[in-house]
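Peer 1: Just passing along the structure, written as structure tokens.
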Amino acid sequence: PSSGLPAATRGTYAGVAAKADHLVALGVTAVELMPVHAFDWQDAPDGRVNYWGYSPLSYFAPHPGYAGGGDPTAVLDQFRDMVRALHRAGLRVILDVVYNHTAEAGPDGPTVSWRGFDEAAYYLLDEDFGLYRDFTGCGNTFNANHPVTRRLISDSLRHWVRNCHVDGFRFDLAAAMARGDDGEPLARPPVLWAIDTDPFLAGTRLVAEAWDAGGLQLVGDFPGQRFAAWNGPYRDTVRRFFKGDEGVIEELMARIVGSPDLFAANGGRPSSSINFVTAHDGFTLRDLVSYEHKHNLENGEDNRDGSDHNLSWHSGTEGPTDDSRINALRARRQRNFLTLLFFSHGTPMLLAGDEWGQSRQGNNNPWCLDNERNWLDWELADQNADLLCFVRGLSALANGLPLLTTDHYWTATSPERPGEISWHGLQPGRPDWRPASRHLAYELAPPAGDEHVLVLLNAEERVCIFEPATPPADTTWHLIVDTGAAATDGCAPAGTSLAKIEGPIEVPSHTVMVLVSRA
């Protein structure tokens, strides 16, 4: 209701198209839609609906509930109209596709089609007991590597590219697609290599959620050569660092530079790492700094659903508070996460609503709620206009730095030669790798002689005084991001600065600063 759109347009394909300007202003280049394959909206606890759409009924039809009513045959046209509108705005369209399970669920689920056609072909079954193998947490696992099912998946992907003009796919629980008939991972899963090498999909963006609910983790080891991957280790390491955990500095360094330890060995590039701090499942950014425990009773499952591994810190008290000190810390910590996200190498992903600090009141899995837990609150764009302005500024700054937008791994400075990245601590060239360390600095030095960038990270409970590295000849450091300042004052427009910096720099606790070298 807060969107300002007519009631018939809210929550529809046309509604997405109507908000393209907001996405462009954020510096977004691609929109990843949650599932739009026709799904079973009734597959939910009593009194609730399957709001997120992870319960597919058809891999070829757009979900009719997202159309604006009227003639059912117009659903496809409305979907394509949305894609055209987003393309005109310069935005690519990536679909979240669910080829790991279906709406037929377990033995007690509905029989829709696949189960009746050929249960053993479409699902992974335990040959001894005839039970469904469940590596998805949804009652069944699609037998993606069976020849018939593999053809269905390939035909589906081609349909969405050829007939609907989408630009890419994000594969939900994609590790499940690597399992064979016996449920064990295959070294060369036929379906994934078929997708990877399909000439018709050559121009599309392929992104894997490279794990499944059965514990199979393939981040950095996902079959194929074209798949990027949601970088769960990036999310976890950054969360641990900013909540003050010990022993994370060395891993944080690897995540900042695009995770070559995960991706480079298999021919990946920095763009292969989809860096994120929050996603649709889990806490929003606001809740990440406001809650330490999930609050999911509204979902109707006695708070059993959703992850308990949130790596969150509530900043002083659980949930909403009138304490101005805690609220200021929460606002600063949100800016910390966003700054590091945009100044890390890789492909940054932003959860819709985080740009204005949306909360789900601590619910980390509101998949079945058609209410304010999921609806975007567009009034926050005005109420938290300072944060929205900060995010837009970060995006513009990062997009304007050549070293962040190049797609090759940086070389590190060593005694033998200068590199594109140098690591520092409180003193230049001396990062503090002790387990108790909660501060780090790094300097980006483009080989073409462009501005150097110095990022100072302080997750300590105390002020840290950094002695900055010497800037290039005839330049001085200029502060362009200061998360400790008010958001409206903490991010300089491109080409300007907040202050000229000479000498040691005091970085307050739980603060990030970014400096550039300028004449």
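Peer 1: Taking θ as phi - 60°, what are the ³J(HN,Hα) couplings along segment 475-485 by the Karplus curve (6.51, -1.76, 1.60), each to the nearest whole Hz, with x for Gly and Pro?
Peer 2: 10, 10, 7, 10, 7, 10, 9, 9, 6, x, 7
Peer 1: Sorted by mean Cβ packing within 10 Å, highest first, what order do the peptides 148-158, 47-57 take?
Peer 2: Details: 148-158: 17.0, 47-57: 19.3.
Averaged packing, sorted descending, gives the order 47-57, 148-158.
Peer 1: Around ARG226, what is the net charge, scoring Lys/Arg as +1 and Asp/Glu as -1 over all other residues with Cβ under 12 Å from its Cβ? Don't skip to the answer; put the middle values down first.
Peer 2: Values: positive: ARG205, ARG269; negative: ASP196, ASP198.
Net of charged neighbours comes to 0.
Peer 1: Right, next: Around GLU298, with a cut-off of 15 angstrom between Cβ atoms, what is the net charge of the other residues, counting Lys and Arg +1 and Asp and Glu -1? List each step's numbers first, then the result.
Peer 2: Values: positive: ARG48, LYS294, ARG304, ARG360, ARG373; negative: ASP46, ASP287, GLU301, ASP302, ASP305, ASP370, GLU372.
Once all neighbours under 15 Å are counted, the net charge is -2.
Peer 1: Right, something else. Angle between the Cα long axis of helix 75-88 and the longest principal axis of the chain, 0 to 90 degrees, nearest 10?
Peer 2: In the chain, helix 75-88 runs at an angle near 20 degrees to the longest axis.
Peer 1: While we're on this one: Kindly state, as a whole number, the per residue volume in cubic angstrom of the convex hull around the alpha carbon atoms of the chain.
Peer 2: Values: hull volume 82.1 nm³, N = 519.
For the chain, the hull spanned by Cα atoms encloses 158 Å³ per residue.
Peer 1: Just for segment 169-277, what percent of DSSP beta bridges are antiparallel, to the closest 5?
Peer 2: On the way: 2 of 9 bridges.
Bridges in segment 169-277 that DSSP calls antiparallel: roughly 20 percent.
Peer 1: Sticking with this one: Percent of Cα-Cα pairs more than 23 Å apart in segment 141-299, please.
Peer 2: Numbers: 5793 of 12561 pairs.
In whole percent, the long-distance tail amounts to 46.
Peer 1: Please identify which residues in segment 1-45 have an amide N closer than 14 Å to a label point set 7 Å out from the Cα of GLU372, following the Cα→Cβ vector.
Peer 2: Correct set: 1-3.
Peer 1: Output the peptides 489-502, 286-299 sorted from most to least packed, where packing is the average of other Cβ atoms within 10 Å over each peptide's residues.
Peer 2: 286-299, 489-502
Peer 1: Next up: Determine ³J(HN,Hα), in whole Hz, for all residues of segment 269-286 in sequence, where each value follows from phi through the Karplus function 6.51 cos²θ - 1.76 cosθ + 1.60 and θ = phi - 60°; x replaces Gly and Pro.
Peer 2: Those phi angles translate into 10, x, 5, 5, 8, 7, 7, 8, 10, 9, 9, 4, 9, x, 5, 6, 4, 4 Hz.
Peer 1: Sort out for me the Cα centre separation of segment 56-80 from segment 218-261, rounded to whole Å.
Peer 2: Distance between centres, Cα-based: 37 Å.
Peer 1: Starting from the eigenvalues of the Cα gyration tensor, five times each then square-rooted, give me the equivalent ellipsoid semi-axes of segment 47-129, largest first, whole Å. Don't skip to the answer; put the middle values down first.
Peer 2: Working: eigenvalues 199, 46, 30 Å².
Calculated on Cα positions only, the semi-axes equal 32, 15, 12 Å.
Peer 1: By the scheme Lys and Arg +1, Asp and Glu -1, what is the net charge of all other residues having a beta-carbon under 13 Å from that of ALA436? Don't jump to the answer; show the numbers that get you there.
Peer 2: On the way: positive: ARG434, ARG438, ARG462; negative: ASP245, GLU246, ASP432, GLU460, GLU461.
Net of charged neighbours comes to -2.
Peer 1: A further question follows. Let me know the charge dipole size of segment 336-390 about its Cα centre in debye, to the nearest 20, where only the beta-carbon of Lys, Arg (+1) and Asp, Glu (-1) is charged. Let's see the in-between values first.
Peer 2: Numbers: 2 positive and 8 negative charges, 56 e Å.
It works out to roughly 280 debye.
Peer 1: Another question, then. What are the ³J(HN,Hα) couplings of segment 333-346, residue after residue, when phi is run through the Karplus curve with 6.51, -1.76, 1.60 and θ = phi - 60°? Round to Hz, x for glycine and proline.
Peer 2: 5, 4, 5, 4, 4, 5, 5, 5, 4, 6, 9, 9, 7, x
Peer 1: Per the Cauchy relation, a quarter of the hull surface: what is the mean projected area of the convex hull of the alpha carbons in segment 388-497, in nm²?
Peer 2: Reported value for the Cα convex hull: 8.2 nm².
Peer 1: Also: How large is log10 I(q)/I(0) at q = 0.15, 0.18, 0.21 Å⁻¹ when the Debye formula is applied to the Cα atoms of segment 252-378, each weighted equally and without solvent?
Peer 2: Debye output, listed in q order: -0.76, -1.00, -1.19.
Peer 1: If you don't mind, another one. Which whole-number value in Å³ per residue fits the convex hull of the alpha carbons of segment 1-157?
Peer 2: 143
FYI, it's all coordinate maths here, none of it is from the lab. These figures come from a predicted structure and were not determined experimentally. Note that each Cβ is placed from the backbone with ideal geometry, even for glycine, and that neighbours are counted across all protein chains shown.
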